[in-house]
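Chemist: Supplied in structure tokens, the structure appears directly below.
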Amino acid sequence: MPSPKAKSPGRSGGSPVLGSSNGRYDFMSLTKPLTRSSPPHLLQRQGSDPTTARLRASESPTRRRGSSSSTGSGSGQGPPDEDGIRLNPSLLRVALSSLLAIDLWLSKRLGVCACEDSSWGSVRPLMKLIEISGHGIPWLAGTAYCLYKSDSAAGQEVMLNLLMGLLLDLVLVTIVKAVVRRRRPAHNRMDMFATFSVDRYSFPSGHATRAAMCGRFLLAHLVLAAPLRVLVLLWAGLVGLSRVLLGRHNVTDVMFGFWMGYCQYNLVEMLWLSPQTLQGLLGQLV
């Protein structure tokens, strides 16, 4: 009578686990990864199971890396291109941040008249007087008075266009300040003459734009002696310098203000109004 051990299928394969037909083979094949030393019939069955093959292929890190690289290469946007796209904005931000830091540091060092106890606090009243000389209200009032008192047509024409330039400067500076919304330096004291709601912003300097525009206008349309022309240039430069010394503006605010005022004069020349043109416009409106 043959022995039951001889009829056991597990003995014929030499392994009691791999030859069993009670479902243990399937469980072990799913829980234990196969290696090169595994029996050939297990490797063949493992490869013949499409579901298991797809699961193992989808979980393979190499397959995922290959699929992502092939997708990137197929769409025409590989990792080197993405790195290059991200690199330029980062360099631009670093450059702008460095320039901003230098601007803030230099403006703070030059704000020697920001308060009475500063290093040049005794010069603060003089700087405030120069500040008032570049304010918009004295210029608007003085230009309107000269236009009213002028007897010659040439004088009225000059004062009329200067008044138009001052109003244009006021509108443009207000728009730029409202758009940029840069705060004034932290060491500034808000004790300026006749401030408005938009004056809490710093960029650009309205005094600098007005000084540059009015300086060019006076030098171009008034007959002045050489010393007076030098005084006009000196006044415009002192107005811009006072904004930094008093802590009202940063250095870039004043520099951009000078450039903006220089360009505003060109705009005034393009929109130049003569008394005849003004009378014609008024006649059409009436």
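Chemist: Test Val254 against the criterion of being without any contact (Cβ under 8 Å) to a residue 60 or more places away in the chain, of a type in the set (A, V, I, L, M) and open to solvent by less than 40 Å² (accessible area, probe 1.4 Å), and give yes or no.
Modeler: Criteria met by Val254.
Chemist: Can you tell which of Leu126, Leu140 is among the aliphatic types (A, V, I, L, M) and farther than 20 Å from Leu163 by Cα? Walk me through it before giving the result.
Modeler: On the way: Leu140 fails: farther than 20 Å from Leu163 by Cα.
The match here is Leu126.
Chemist: Of everything in the range 106-127, what is loosely packed, with under 12 Cβ neighbours inside 10 Å and of a type outside the set (Gly, Ala, Ser)? Give them in sequence order.
Modeler: Arg109, Glu116, Asp117, Pro125
Chemist: Turning to a different aspect of this structure: Considering only residues that are in a loop (DSSP other than H, G, I, E, B) and either open to solvent by 10 Å² or more (accessible area, probe 1.4 Å) or of a type outside the set (Ser, Thr, Tyr) (or both), which ones fall in the range 191-213?
Modeler: Asp191, Met192, Phe193, Ala194, Thr195, Phe196, Phe203, Pro204
Chemist: Take Ala186 and decide whether it is out of contact with any Phe, Trp or Tyr (no Cβ under 7 Å at 6 or more places or on another chain) and either without any contact (Cβ under 8 Å) to a residue 40 or more places away in the chain or not β-branched (Val, Ile, Thr) (or both).
Modeler: yes
Chemist: In addition: Hey, does the range 156-167 have a residue that's free of Cβ contacts under 8 Å to residues at least 24 places away in the same chain and exposed (fewer than 14 other Cβ atoms within 10 Å of the Cβ)? Write out each step before concluding.
Modeler: So in the range 156-167, the residues free of Cβ contacts under 8 Å to residues at least 24 places away in the same chain come out as 159, 163.
Filter again for exposed (fewer than 14 other Cβ atoms within 10 Å of the Cβ), leaving none.
Among the residues of the range 156-167, not one is free of Cβ contacts under 8 Å to residues at least 24 places away in the same chain and exposed (fewer than 14 other Cβ atoms within 10 Å of the Cβ), which makes the answer no.
Chemist: I've got another one for you. Give me a count of the residues in the range 192-203 that are farther than 19 Å from Phe256 by Cβ and without any contact (Cβ under 8 Å) to a residue 40 or more places away in the chain.
Modeler: So the answer is 3.
Chemist: Scan the range 105-121 for residues that are within 25 Å of the chain's Cα centre (by Cα) and polar (S, T, N, Q) and report the count.
Modeler: Total satisfying the criteria: 1.
Chemist: Another question, if that's okay. Looking only at the range 174-185, which residues are part of a loop (DSSP other than H, G, I, E, B) and in contact with a Lys or Arg (Cβ under 8 Å, 6 or more places away or on another chain)?
Modeler: Residues satisfying the conditions are Arg184, Pro185.
Chemist: Taking the criterion of being out of contact with any Ser or Thr (no Cβ under 9 Å at 6 or more places or on another chain), more than 27 Å from Arg124 (Cα to Cα), part of a helix (DSSP H, G or I) and of a type in the set (Asp, Glu), would at least one residue in the range 262-273 satisfy it?
Modeler: There is at least one residue in the range 262-273 that is out of contact with any Ser or Thr (no Cβ under 9 Å at 6 or more places or on another chain), more than 27 Å from Arg124 (Cα to Cα), part of a helix (DSSP H, G or I) and of a type in the set (Asp, Glu).
Chemist: Still on this model: Which one of these is out of contact with any helix residue (DSSP H, G or I) (no Cβ under 9 Å at 6 or more places or on another chain), surrounded by fewer than 17 Cβ atoms within 10 Å (Cβ to Cβ) and of a type in the set (A, V, I, L, M): Ala178, Ala225, Ala220? Steps first, answer last, please.
Modeler: Numbers: Ala178 fails: out of contact with any helix residue (DSSP H, G or I) (no Cβ under 9 Å at 6 or more places or on another chain); Ala220 fails: out of contact with any helix residue (DSSP H, G or I) (no Cβ under 9 Å at 6 or more places or on another chain).
Just one listed residue meets the conditions, Ala225.
Chemist: Can you spot a residue in the range 268-283 that is open to solvent by less than 30 Å² (accessible area, probe 1.4 Å), closer than 15 Å to His135 by Cβ and either in contact (Cβ under 8 Å) with a residue 40 or more places away in the chain or not aromatic (Phe, Trp, Tyr) (or both)? Before you say what the answer is, go through the steps one by one.
Modeler: Initial filter on the range 268-283 (open to solvent by less than 30 Å² (accessible area, probe 1.4 Å)): 268, 274-275.
Those still in the list that are closer than 15 Å to His135 by Cβ too: none.
Checking the range 268-283: not a single residue is open to solvent by less than 30 Å² (accessible area, probe 1.4 Å), closer than 15 Å to His135 by Cβ and either in contact (Cβ under 8 Å) with a residue 40 or more places away in the chain or not aromatic (Phe, Trp, Tyr) (or both).
Chemist: Any residue in the range 183-201 that is of a type in the set (A, V, I, L, M) and over 23 Å from Val123 (Cβ atoms)?
Modeler: yes
Chemist: Please determine, by comparing only the residues of the range 128-155 that are open to solvent by 30 Å² or more (accessible area, probe 1.4 Å) and touching a residue at least 40 places away in the same chain (Cβ under 8 Å), which one is nearest to Ser274 (Cα to Cα).
Modeler: Ala153
Chemist: Would you tally the residues in the range 223-251 being basic (Lys, Arg) and either part of a helix (DSSP H, G or I) or touching a strand residue (DSSP E or B) at 6+ places or on another chain (Cβ under 9 Å) (or both)?
Modeler: Filtering the range 223-251 down to residues basic (Lys, Arg) leaves 229, 243, 248.
Retained after the next criterion (residues that are either part of a helix (DSSP H, G or I) or touching a strand residue (DSSP E or B) at 6+ places or on another chain (Cβ under 9 Å) (or both)): 229, 243.
Qualifying residue count, the range 223-251: 2.
Chemist: Looking at Arg184 and the list (1) buried (at least 16 other Cβ atoms within 10 Å of the Cβ); (2) more than 27 Å from the chain's Cα centre (by Cα); (3) closer than 24 Å to Val254 by Cα, which single condition is not satisfied?
Modeler: Of everything listed in (1) buried (at least 16 other Cβ atoms within 10 Å of the Cβ); (2) more than 27 Å from the chain's Cα centre (by Cα); (3) closer than 24 Å to Val254 by Cα, Arg184 misses just condition (2).
The values are calculated or read from the model by the stated rules, or taken from the named source; none is laboratory data. Being a predicted model, the structure only gives us computed values, none of them experimental. Counting neighbours? That spans all protein chains shown, and the Cβs are built from the backbone with ideal geometry, glycine included. For accessibility, only protein heavy atoms count, side chains too; no ligands or nucleic acids. Shrake-Rupley method; radii C 1.70, N 1.55, O 1.52, S 1.80 Å.
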